[in-house]
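What follows is a short report on a single structure.
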Amino acid sequence: MELQVINGSALTLSESVFAKAFNESLVHQAVVTYMAGGRVGTKAQKNRAAVSGGGIKPWRQKGTGRARAGTIRSPLWRSGGVTFAANNRDYSKKINKKMYRGAMRSIFSELVRSERLLAVDSFGIDKPRTKALLARLDELAGTRNVLLLVDETDENLELSSRNLHQCEVVTVSRVNPVNLIAHEKVIATQAAIEKVQEWLS
């Protein structure tokens, strides 16, 4: 199969990467796994064992007329521990590499089918100017909700897109299922598509 490069010749795509059926459940699993891996999970509270102090019984068991107490760090007391204290938690999920690559193939194939993947010979800007990047996006995609997929880091592109909340610039090594499906269009350089093909073949 072929993909027409804007202002260039057609690019031959591998059918094993860009012509797969859309596997919704697999893509969903890859997206959930990726997003779960980004959760910090650092919420923490102290239970009665973690709160400092309270090593001695505050008063004797009997004869005082007060309720019996074993520690001043009981959850019933001021400055005591939390009853069901939240602890650090790892939210990450496991997905096999083969399944992850299969999900990425499925997403790229759907992008080609829905004509949301645009190929360009190169996408460079002479100097970091947001206005220049916006002009290129309007010309090529007709929208500013765009993922720019490049083969290597371009500082001018990074700086130009930093102020645009809908536009994102990523290299092939940093692309993930979430940013692929989150944008209306994906503009990829020819070198980036070749790298994707090499990675997912």
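Computed quantities for the displayed model
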read-out	value
Counted residues, region 24-82 - those being over 44 Å from the mean Cα position of the chain (by Cα) and hydroxyl-bearing (S, T, Y)	2
Helices (runs of 4 or more DSSP H) enclosed by region 99-185 - at least 3 residues per element that are touching a residue at least 40 places away in the same chain (Cβ under 8 Å) and of a type in the set (S, T, N, Q)	none
Residue match in region 60-68 (condition: of a type in the set (A, V, I, L, M, F, W, C), assigned to a loop (DSSP other than H, G, I, E, B) and either surrounded by 14 or more Cβ atoms within 10 Å (Cβ to Cβ) or touching a helix residue (DSSP H, G or I) at 6+ places or on another chain (Cβ under 9 Å) (or both))	no
Residue under evaluation V31, criteria (1) without any contact (Cβ under 8 Å) to a residue 60 or more places away in the chain; (2) outside any loop (DSSP other than H, G, I, E, B); (3) not small (G, A, S), criterion not met	(1)
Matching entry among V120, V112 (being among the aliphatic types (A, V, I, L, M), at pLDDT 90 or above and in contact with a Gly (Cβ under 9 Å, 6 or more places away or on another chain))	V120
Of all residues making up region 1-30, the number that are of a type in the set (S, T, Y) and more than 18 Å from I107 (Cβ to Cβ)	2
Which listed residue, of K93, K57, is touching a helix residue (DSSP H, G or I) at 6+ places or on another chain (Cβ under 7 Å), part of a loop (DSSP other than H, G, I, E, B) and surrounded by 12 or more Cβ atoms within 10 Å (Cβ to Cβ)	K93
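Okay, residues lined up against (1) farther than 26 Å from E2 by Cα; (2) crowded, with 18+ Cβ neighbours inside 10 Å; (3) small (G, A, S); (4) in contact with a Cys (Cβ under 6 Å, 6 or more places away or on another chain):
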position: A119; (1), (2), (3), (4): no, yes, yes, no
position: S122; (1), (2), (3), (4): no, no, yes, no
position: K127; (1), (2), (3), (4): yes, no, no, no
position: A132; (1), (2), (3), (4): yes, no, yes, no
position: E158; (1), (2), (3), (4): yes, no, no, no
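The values are calculated or read from the model by the stated rules, or taken from the named source; none is laboratory data. Bear in mind that the values here come from a model prediction, so they are computed numbers and not experimental data. Note: ideal-geometry Cβ built from the backbone for every residue, glycine included; neighbour counts use all protein chains shown.
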